[in-house]
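Take a look at the structure set out below.
The values are calculated or read from the model by the stated rules, or taken from the named source; none is laboratory data. Everything numeric here is computed off the predicted structure, so don't read it as measured data. Every residue, glycine as well, gets a Cβ built from its backbone with ideal geometry; the counts of neighbours run over all protein chains shown.
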Amino acid sequence: MKFNDKKSSQDFPPGDDNRIFRHRRQYWLVLLAVFALGAAIILYANYQFSLEDSKLWGGTELSQKKAEPPVRVQIEFSLENKRAFEGRARAGMSVEGAIVRAATVAGLDLKIEDESVRFIGQDKSGDKGRLWKLYLNGEVAQGALSRPVLAGDRIVLRYE
């Protein structure tokens, strides 16, 4: 008995649906080409996305650079009535500038004279024996309105 690896045309009669077996190598090549093209498209799209992302966020500096803690300005009219504001410390901004900015955002009238706060909103220094006191990072800081604001500063104006 003789074994023949090659298929003869007699093994696949005309009209038979065994065409896949005849062209098996070509189908595998087409499948492989489609798979490779799909993978190339996905990799290209990922590359384009990473380029756009780096343009949007300015490269990897954002992930490597630690964010500075915000400056917090808190205006305390009473124990129950407090307003708080947070933002970044800007170059050259003083404590007075931070307070003015917070009051402007809150829509409060503000008057500062002689390195002290005279009134905010309806509350004036001297009314009912109460004054606006400035606390900077937890300590009384009268006369510190011209001091520059640093990242992480806590500025509290308390009416007491």
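In this structure, does Ser125 turn out to be touching a residue at least 24 places away in the same chain (Cβ under 8 Å) and not aromatic (Phe, Trp, Tyr)? For Ser125, the condition - touching a residue at least 24 places away in the same chain (Cβ under 8 Å) and not aromatic (Phe, Trp, Tyr) - is not met. Residues that are in a loop (DSSP other than H, G, I, E, B) and not basic (Lys, Arg) within region 70-89 comprise Pro70, Phe77, Ser78, Leu79, Glu80, Asn81, Ala89, listed in sequence order. Exactly one residue among Gly152, Gly92, Gly107, Gly143 is of a type outside the set (Asp, Glu) and out of contact with any strand residue (DSSP E or B) (no Cβ under 8 Å at 6 or more places or on another chain), and that residue is Gly107. Checked against the criterion of being modelled with pLDDT of 80 or more and not in a helix (DSSP H, G or I), the candidates Gly97, Gly92, Gly59 yield just one match: Gly92.
Among the residues making up region 61-114, those that are more than 26 Å from the chain's Cα centre (by Cα) and at positive phi are Gly107, Asp114.
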